[in-house]
Amino acid sequence: MTKMYDDFSADYDRFVNWEARLAAEMAFIEDRLQEAGVRRVLDAACGTGMHAIALAQRGYEVVGADFSAGMIERARDNAVQVAGAGVDVRFEVAGFGALARTLIPTGEAGTFDAVLCLGNSLPHLLTPTDLAAALADFAACLGPGGLLLVQNRNFDAVLAQRERWMEPQSYRERVDSEEVEWLFLRFYDFEPDGTLTFNLLTLKREETGPWTQHVTSTRLRPLLQAELSSALQAAGFERLTYWGDMQGAPFDLESSPNLVVIGRLVYR
């Protein structure tokens with residue numbers, strides 16, 4: 001799994017239209033953070049760091065973590081190239097289950113007011129045990145009342161409708177006087193054991209040359225609303241609320257593109 005994202009880190013910011021995505025998502029995120037009085041944020045599975053940087057630009061204290069060293073290298077570059085001087089974001093290599101011990105000094109539990117886990121990251125955990133460990137790790141990073149915001153695909157709808165293909169993405173830029181084009185195609189293989197193989201096909205060509213192609217894959221475990229809700233409650237997260245996207249649409253099990261969940265940590 002790590003290799004897929006290390007390999008893709010160079011093209012990830014071409015794949016994501018960050019201007020459009022941040023414009024669509026940041027108001028929803030900030031509203032939730034402000035409602036909870038959040039100041040310190042951990043962006044878990046932060047990828048190339050663009051959400052973390054956007055939050056730092058808005059005055060939050062932010063740490064970004066990802067299990068992919070390639071993604072973290074790109075995030076650190078983005079913090080300089082995109083944000084410029086005056087924006088301080090710490091980025092560290094740390095995956096689910098290792099966040100608290102990597103990012104928090106010994107004896108300082110509850111360092112963060114909020115943990116974000118965006119971009120369909122939790123389904124990379126392939127067993128219920130791994131999921132429980134990741135949620136316990138999130139809880140260890142938060143103080144009482146801390147906020148957790150998770151954004152996954154709505155796999156209830158994906159499985160019911162056998163949605164194999166996702167919307168293609170494209171990007172163009174001029175490199176050394178030639179126009180270069182990228183096409184990104186994503187699709188699932190439905191495996192007999194109930195997991196999914198997530199495939200990413202990258203097509204690239206210069207204006208005077210042929211298309212080249214590269215495909216990479218990783219395994220996902222489709223995380224349904226009922227299981228995620230139960231696991232969150234078992235980890236101490238209550239007052240769960242649900243949305244169907246990062247603009248705050250109501251969640252519909254059969255049709256929403258995303259499952260967005262917010263919970264608050266209650267120590268027992």
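The values are calculated or read from the model by the stated rules, or taken from the named source; none is laboratory data. If you're wondering where the values come from, they're calculated on a predicted model, not measured in any experiment. Here the Cβ positions follow ideal geometry from the backbone for every residue, glycine too, while neighbour counts run over all protein chains shown. Areas reflect the complete protein model, heavy atoms only, side chains present, ligands, DNA and RNA absent. Shrake-Rupley method; radii C 1.70, N 1.55, O 1.52, S 1.80 Å.
Within segment 40-51, identify whether any single residue is within 19 Å of Ala134 (Cβ to Cβ), among the hydroxyl-bearing types (Ser, Thr, Tyr) and either open to solvent by less than 30 Å² (accessible area, probe 1.4 Å) or assigned to a helix (DSSP H, G or I) (or both), and answer yes or no. Spell out how you get there, then give the answer.
Initial filter on segment 40-51 (within 19 Å of Ala134 (Cβ to Cβ)): 41-47, 51.
Checking which are among the hydroxyl-bearing types (Ser, Thr, Tyr) leaves us with none.
No, that holds for no residue.
Select, from Val115, Val80, Val158, Val150, the only residue that is of a type in the set (A, V, I, L, M, F, W, C) and open to solvent by 50 Å² or more (accessible area, probe 1.4 Å). After applying the criteria, what remains is Val80.
Listed residues Leu203, Leu223, Leu232; which is assigned to a loop (DSSP other than H, G, I, E, B) and either of a type outside the set (A, V, I, L, M, F, W, C) or crowded, with 16+ Cβ neighbours inside 10 Å (or both)? Quick ask: steps written out before the conclusion?
Working: Leu203 fails: assigned to a loop (DSSP other than H, G, I, E, B); Leu232 fails: assigned to a loop (DSSP other than H, G, I, E, B).
That would be Leu223, the only listed residue that is assigned to a loop (DSSP other than H, G, I, E, B) and either of a type outside the set (A, V, I, L, M, F, W, C) or crowded, with 16+ Cβ neighbours inside 10 Å (or both).
Within segment 47-99, being over 15 Å from the mean Cα position of the chain (by Cα) and on the phi > 0 side of the Ramachandran plot holds for Gly59, Gly84, Gly86, Gly97. Each residue in segment 57-97 was checked for being in contact with a helix residue (DSSP H, G or I) (Cβ under 8 Å, 6 or more places away or on another chain) and of a type in the set (Gly, Ala, Ser), and 10 of them qualify. The residue that is surrounded by the most Cβ atoms within 10 Å (Cβ to Cβ), counting only those in segment 7-20 that are part of a helix (DSSP H, G or I) and at pLDDT 90 or above, is Phe8.
The one condition from (1) in a strand (DSSP E or B); (2) at pLDDT 95 or above; (3) over 17 Å from Pro123 (Cβ atoms) that Ser255 does not meet is (1).
Residue pairs whose Cβ atoms lie under 6 Å apart, sitting 6 or more positions apart in sequence or on different chains, and linking a residue in segment 110-129 that is closer than 24 Å to Glu35 by Cβ to a partner that is of a type in the set (Val, Ile, Thr) and buried (at least 18 other Cβ atoms within 10 Å of the Cβ), are Asp113/Val38; Ala114/Val38; Ala114/Val41; Cys117/Val150.
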